[in-house]
């Protein structure tokens, strides 16, 4: 899907569906928060949530006292919805309305989080651009967390074919720039009483 079509697609999704009508709806992002805590990310760390849209991770990060949070999403509507939900707290967040494969960060991050954005990338160019961006963006001790549909998870989401991964193939995809620290499988219950299996990988930059 071309960049402009990709952006238009996601704008349409967020304009036509409520928060509870999307499969990724998750009021408590337990796995993401657990991986953050396991990585011992300090409260003053620079954190970015890729494809965060109007997800609730940013709400929980603010409640936990994290001070430097960026949320990147291709959809301006998704970002606007999150801002409206957060109210005055939204001013504490750096909102980035951009396609991650075109992202040119002006700062370094200590923790890069992505739940269900990377698996939408199918072309080698987009995948390589994403990994190169993450590699350039992270501090030497930074941690990368990627969550994608597993090989037993859905093959499509929001009308788009996705790239499924196993723990092994996800680790291989990010090698040699990143070393896998841990990969786990997690079931996500959608608002429609269906189950989606994810693989979450936690990585560090190679020296």
Subject >> residue 157 being closer than 25 Å to residue 40 by Cβ, surrounded by 14 or more Cβ atoms within 10 Å (Cβ to Cβ) and in contact with a strand residue (DSSP E or B) (Cβ under 8 Å, 6 or more places away or on another chain) >> reply: no
Subject >> Odd one out for residue 54 among (1) crowded, with 21+ Cβ neighbours inside 10 Å; (2) modelled with pLDDT of 95 or more >> reply: (2)
**OP:** May I ask you to say which residue of 120, 56, 109 is over 18 Å from residue 198 (Cβ atoms) and in contact with a helix residue (DSSP H, G or I) (Cβ under 9 Å, 6 or more places away or on another chain)?
**Re:** 109
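State whether one or more residues within the range 75-83 are part of a strand (DSSP E or B) and more than 23 Å from residue 150 (Cα to Cα).
No.
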Original post:
Can you tell me which residues in the range 84-98 are over 13 Å from residue 55 (Cβ atoms) and surrounded by fewer than 17 Cβ atoms within 10 Å (Cβ to Cβ)?
Top reply: 84, 87, 88, 89, 91, 92, 94, 97, 98
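If the requirement is being without any contact (Cβ under 8 Å) to a residue 60 or more places away in the chain and not in a helix (DSSP H, G or I), which of these qualifies: 44, 49? So that I can check it myself, show each step before the final result.
Values: 49 fails: without any contact (Cβ under 8 Å) to a residue 60 or more places away in the chain.
Answer to the check: 44.
Of all residues in the range 23-41 being assigned to a loop (DSSP other than H, G, I, E, B) and touching a helix residue (DSSP H, G or I) at 6+ places or on another chain (Cβ under 7 Å), which is nearest to residue 196 (Cα to Cα)? Talk me through it step by step, then tell me what you get.
Narrowing the range 23-41 to residues assigned to a loop (DSSP other than H, G, I, E, B): 23-29, 39-41.
Narrowing further to those that are touching a helix residue (DSSP H, G or I) at 6+ places or on another chain (Cβ under 7 Å): 25, 29.
On the way: 25: 12, 29: 14 Å.
Ranking the qualifying residues of the range 23-41, first place goes to 25.
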**OP:** Output yes when any residue across the range 123-137 is in contact with a helix residue (DSSP H, G or I) (Cβ under 7 Å, 6 or more places away or on another chain) and in contact (Cβ under 8 Å) with a residue 60 or more places away in the chain, and no when none is.
**Re:** no
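The values are calculated or read from the model by the stated rules, or taken from the named source; none is laboratory data. As the structure is a prediction and not an experimental result, all values here were calculated from the model. Glycine gets a Cβ as well: all are built from the backbone with ideal geometry, and neighbour counts include every protein chain shown.
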